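Report on the structure given below.
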């Protein structure tokens, strides 16, 4: 920034800029900090291609749509439909708003059979909507049997990613009984640094980052209190959110800031998983509190939690959050369906008064500035 002598008009403009910045900061904080008191409006969004499973008139079946990641503008959402049970494969999709246009990933890439892909999940999209991450399955035999391999999609090109430390559990004796090959990419930031995990031969998870530009893997990321660590989200400051399992088998959320790990557990939670993280210090995920799976927001600046459940939910998970505070995930309804969920912050009346007062002040300041400019001009 240049320095020097300012005219009175320039000083007035600088003051207006500071007021504008302050007002916008308040506005942004209000929208992005629901733990400060703002509520949420929820919308159920299900892929119309998601059909009840099993398709039997006797059972009726249930549907399964999961929203996983959202751009900061809120116009693009990554997700998938299908439970992954045998005969009900995961199908990744990209959802474009406001028109609710679903583009199935499995149909978008004719080269998928070349990669031996039977299922896909799209787990995240970066803020400019140019890079998606996720993972694939070569089979649809059921969750306990289907191995997983990470991928990213950039500029319409699909690229498989598999951490070289991932064991091939199809080789007899390479893994403990019951352990299958698992490697996933779950999150991605604007610098195209993806985050994910692989399972070792004992079935314990180890987090890592993957630089899409250089195609390089980081060293393992393990919470120091963990037996198993899953890194699930990365923001543009390279902070990472995820969850770990301790030596007693208890699952805790965590935030990793430059290698400094902070355990995150709401009061009374017996299990916590953080799955999304934005640039304003807000993480989301779920916690088991009193035997109920609740969607949660965690404000890492104030160390406070907010429980977020839509009306009629029998269990909620929040998977992603953008800088505007919009959250995506899913909930289980009374009929057993898994429904995609979009939550949007709605300021309370007192908050709107604060915002309107701030912007009214901006208008008065702008009017005064324009009159002063007119006097200078004459």
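The values are calculated or read from the model by the stated rules, or taken from the named source; none is laboratory data. As the structure is a computational prediction, the values presented were derived from the model and not from experiment. Note: ideal-geometry Cβ built from the backbone for every residue, glycine included; neighbour counts use all protein chains shown.
Among 257, 236, 204, 192, which is touching a strand residue (DSSP E or B) at 6+ places or on another chain (Cβ under 7 Å) and closer than 26 Å to residue 131 by Cα?
Only one candidate qualifies: 192.
Check residue 260 against each of (1) surrounded by 14 or more Cβ atoms within 10 Å (Cβ to Cβ); (2) under 26 Å from residue 304 (Cα atoms) and name the one condition it does not meet.
Residue 260 satisfies all of (1) surrounded by 14 or more Cβ atoms within 10 Å (Cβ to Cβ); (2) under 26 Å from residue 304 (Cα atoms) except (1).
Does residue 114 satisfy being in a helix (DSSP H, G or I) and either modelled with pLDDT under 90 or under 30 Å from residue 202 (Cα atoms) (or both)?
yes
Mind checking which residues of region 141-167 are surrounded by fewer than 20 Cβ atoms within 10 Å (Cβ to Cβ), touching a strand residue (DSSP E or B) at 6+ places or on another chain (Cβ under 8 Å) and over 22 Å from residue 206 (Cβ atoms)?
154
Give the residues of region 223-248 that are over 26 Å from residue 159 (Cα atoms) and in contact (Cβ under 8 Å) with a residue 12 or more places away in the chain, sorted by residue number.
Once the filter is applied, which keeps residues that are over 26 Å from residue 159 (Cα atoms) and in contact (Cβ under 8 Å) with a residue 12 or more places away in the chain, region 223-248 yields 223, 224, 225, 226, 227, 228, 243, 244, 245, 246, 247.
Go through (1) exposed (fewer than 15 other Cβ atoms within 10 Å of the Cβ); (2) part of a loop (DSSP other than H, G, I, E, B) one by one and return the number of the condition residue 43 breaks.
Of the numbered conditions (1) exposed (fewer than 15 other Cβ atoms within 10 Å of the Cβ); (2) part of a loop (DSSP other than H, G, I, E, B), the odd one out for residue 43 is (2).
With touching a helix residue (DSSP H, G or I) at 6+ places or on another chain (Cβ under 8 Å) and either surrounded by 15 or more Cβ atoms within 10 Å (Cβ to Cβ) or modelled with pLDDT under 95 (or both) as the only criterion, which of 102, 93 stands out?
On the way: 102 fails: touching a helix residue (DSSP H, G or I) at 6+ places or on another chain (Cβ under 8 Å).
Unique residue meeting the criteria: 93.
Criterion first (at pLDDT 95 or above, surrounded by fewer than 24 Cβ atoms within 10 Å (Cβ to Cβ) and over 18 Å from residue 185 (Cα atoms)) does residue 311 satisfy it?
Values: at pLDDT 95 or above: no; surrounded by fewer than 24 Cβ atoms within 10 Å (Cβ to Cβ): yes; over 18 Å from residue 185 (Cα atoms): yes.
Spelling it out, it is not the case that residue 311 is at pLDDT 95 or above, surrounded by fewer than 24 Cβ atoms within 10 Å (Cβ to Cβ) and over 18 Å from residue 185 (Cα atoms).
Residues are listed down the side, and each one gets a yes or a no for (1) at pLDDT 95 or above; (2) under 22 Å from residue 90 (Cα atoms):
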{"residue": "143", "(1), (2)": "no, yes"}
{"residue": "151", "(1), (2)": "no, yes"}
{"residue": "154", "(1), (2)": "no, yes"}
{"residue": "157", "(1), (2)": "no, yes"}
{"residue": "160", "(1), (2)": "no, yes"}
{"residue": "164", "(1), (2)": "yes, no"}
{"residue": "179", "(1), (2)": "yes, yes"}
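What's the number of the only condition in (1) closer than 22 Å to residue 307 by Cα; (2) over 14 Å from the mean Cα position of the chain (by Cα) that residue 226 fails to meet?
With (1) closer than 22 Å to residue 307 by Cα; (2) over 14 Å from the mean Cα position of the chain (by Cα) applied to residue 226, the lone miss is (1).
Can you tell me which of 284, 294 is touching a strand residue (DSSP E or B) at 6+ places or on another chain (Cβ under 9 Å), part of a strand (DSSP E or B) and farther than 24 Å from residue 207 by Cα? Break it down into steps so the answer makes sense when it comes.
Values: 284 fails: farther than 24 Å from residue 207 by Cα.
After applying the criteria, what remains is 294.
Here are some conditions: (1) over 16 Å from residue 329 (Cβ atoms); (2) surrounded by fewer than 18 Cβ atoms within 10 Å (Cβ to Cβ); (3) in contact (Cβ under 8 Å) with a residue 24 or more places away in the chain. Residue 270 meets all but one. Which one does it not meet?
(3)
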